[in-house]
Amino acid sequence: MKKDEWIGGIVIFLFGAITALLSLKMPIGTFRMAGTGMFPLCLGILLMILSGIFVLNIFSKGKKNRVKKGSSIESSSPIQSVLFLVTMVLITLLFNPLGYPLSAFLLMAVLLRVLGAKKWTTTLPLSFVTAAICYFLFVQWLKIPLPKGWIGL
Amino acid sequence: MFESFQHLATGFGIATTIQNLLYCLIGAIVGTLVGVLPGLGPIAGIALLIPATFGLNPTSAIIMLAGIYYGAMYGGSTTSILLNVPGETASVITCIDGYQMAQKGRAGPALAMCAIGSFIAGSIGIFGLVFLAPPLAEAALAFGPPEYFSLMVFAFIVLSNVTGTSLVKSLMMAVIGLIIGTIGLDPVTGDARFTFGSIPLLSGIEFVAVAIGLFGIGEVLTNVNQPLEMLEQKVLIPRLRELYPSFQDLKRSIGAILRGAGIGFGVGLVPGPAPVIATYASYMTERKISKHPEEFGKGAIEGVAGPESANNSACQSAFIPLFVLGIPFAPPTAILLGALLIHGVSPGPLMISNHPQLFWGVIASMYIGNFILLILNLPFVPLFANILRIPKKILLPLVILFCITGMFTVNNSVFDIWIMLLFGGLGFLMRKWAFEGAPLLLALVLGPKLEVAFRQSLMISHGNFGVFINRPISMAFLIGMLLFLILPIFWKLFKKTEKGGGGSSKQ
């Protein structure tokens, strides 16, 4: 187990607690005639128990865990993953107004730069070609109704 | 038996139409590509291609998606042998001897033996599927809600026990999947749950979004976080004339292939990541019975042929619980269940009688698909291996673009992309904290079925939980589940006492 796994355990415990609390606001019913909230309530309680066991287990084995090294994900900085995720969030926000071809082009260009492509002379043509291929594949050939955006393609 | 042959002949009639042959070919090619590319597994591959099947009839759609599944199993071995990087988890074991063979200049025979073994074992698996599925479907008619509930709980426990590093962690993931599955309309009363006034949430969380998020986006986010040079290695691509194995290679491998096929078929019928377990079991068996166990780990061809055969056989038999019980025992078949439901087909004991064209058509297409894959994987291996030369910094943004495009096309909804991104971030954190995504996905797909079975069982029994142990089939599943939970603990205790005893006798 990795040393910061307990954070995950606590988050899951809170998720179980919130589920149980929200379920209590729904009709619970009886076991014979279970209401809407019965099943999620049972699951919320079960999740709290399991995550409680998990967190306690981590703390009881605390000394052992501290000796173990983290994975490569832990040891390296997650900056590129965060940049990837932020780019995807921004593109999703602009997906409808920009339209599919432009969103695809921007997504490719930014992600290529994030991954270390240094020259715009390679990034831009590559992004353009990829976006164009995807546009013809999905919109023209497969006839999938993707957002047209202000450029109207 | 004769009846099964007749149905299979009808199935071949359906599978050999130009349209279905084309979709089978597309599925096999895409599957091989998915298997070859490290980081994209069959789950993400199938999930990404589901939207492309919306315009097809259910039979063609499932033929293509099933092709991706077993195609990925074929393709996964290529990177294991050439790069020592498994294309998907079931190919991990192939790295051991496959890569060693490649280092000795024998990549060609290793790749060829993978393709031949996969073809033979896949065909044996399909043969078993043809003859076992109909009688099992008849037996499954005796299942009521308590039996289904116990079977699903059994499946969760077994899957959680065999995936990941900790049973508790895997169970937590399964329960989270079940909770996410409760979002939307209550399947019994129709009341809204956890929707917070959102209309898109009324139809529940789109499982394709969860699958692509956890297994596609999550994998990419994990990969970009690693040094680029990690996957940008030089690829040694064998030439066509180097591909064919010698008579000695074939002679050494045939036993391993047949044993692998048997092991794989049996393991595929049990809940869990069948191909992964089957490859380990086959490798251990081969090493144990080999006259030259010292060669294992240094390039023994049996260590490649056996596990790869087991892998493909397990894939075929995994279709039995999906088609016959309507309950997938592994994540890729869970995705296929979702695809079947999208196409209006509800798998279960009545599937063979209600949708014979689909059932027998898909099975016949598997024979054809296996043959296509053999043809694709022998002479075209160098071509597929060339894909590995695409730089990772181009491949990863491309995968993201396909994920976003594919996700939007499911419901033409940006909301689904948000859900996918949410689960992508979650998938990244889960990898960071070593939580398994497979139990979550399986639970999400099975959640509504489990809840209905649970509530119906208690309605039948007037709230008496004894209904789950009073019925013999249900009780058998629960006993099996308890054994699965208790036996490892006893085994550990036994080992401890044995060690302690050994230690004291030495002193």
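No lab work stands behind these numbers, since they all come straight from the coordinates. Since the model is a prediction, treat every value here as computed from it, not as a measurement. Here the Cβ is made from the backbone with ideal geometry for all residues, glycine too, and neighbour counts use every protein chain on show.
The figures follow:
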quantity	calculated
Alpha-carbon Rg/Rh ratio, for segment A:5-71, with Rh computed the Kirkwood way	1.20
Scattering profile of segment B:337-459 at q = 0.23 Å⁻¹ [log10 I(q)/I(0), Debye over alpha-carbon scatterers]	-1.20
Residue exposure sequence - B:Ile352, B:Ile18, B:Ile335 - by fewest surrounding Cβ within 10 Å	B:Ile18, B:Ile352, B:Ile335
Segment B:67-177 shape via C-alpha gyration tensor axes, a/c threshold 1.5	oblate
Net dipole in debye of chain B [+1 Lys, Arg Cβ; -1 Asp, Glu Cβ; about Cα centre; nearest 20]	1280
Ordering of B:106-113, B:9-16 by packing [mean C-beta count within 10 Å, highest first]	B:106-113, B:9-16
Shielding score for B:171-184, defined as the mean number of other chain Cβ atoms within 10 Å	6
Cα centre as origin, Lys/Arg/Asp/Glu Cβ charges: the protein assembly as shown dipole, Debye	1860
Residue (of A:Leu98, B:Leu398, B:Gly268) at the positive-pole extreme of the protein assembly as shown, dipole from beta-carbon charges	B:Leu398
Using alpha carbons only: equivalent-ellipsoid semi-axes of the protein assembly as shown, gyration tensor based, whole Å	35, 33, 29
Relative packing of peptides B:136-148, B:465-477 - highest average C-beta neighbours within 10 Å first	B:136-148, B:465-477
Peptide B:441-454, shielding by other chains (average Cβ, 10 Å cutoff)	1
Cα-based convex hull, segment A:79-141, per residue volume (Å³, whole number)	71
Fewest-first ranking of B:Ile368, B:Ile387, using other Cβ atoms within 10 Å as the exposure measure	B:Ile387, B:Ile368
222 nm mean residue ellipticity, helices alone, for chain B (DSSP H n ≥ 4; -39,500 (n - 2.57); rounded to 500)	-23500 deg cm²/dmol
Relative packing of peptides B:55-61, B:249-255, B:21-27 - highest average C-beta neighbours within 10 Å first	B:21-27, B:55-61, B:249-255
For chain A, Kirkwood radius (reciprocal of mean inverse C-alpha pair distance, Å)	20.1
Average other protein chain Cβ within 10 Å of Cβ, residues B:121-131	0
Globularity index of chain B, i.e. its alpha-carbon radius of gyration over 2.2 N^0.38 Å	0.97
Sequence of B:Trp360, B:Trp433 once ranked by neighbouring C-beta atoms within 10 Å, starting from the fewest	B:Trp433, B:Trp360
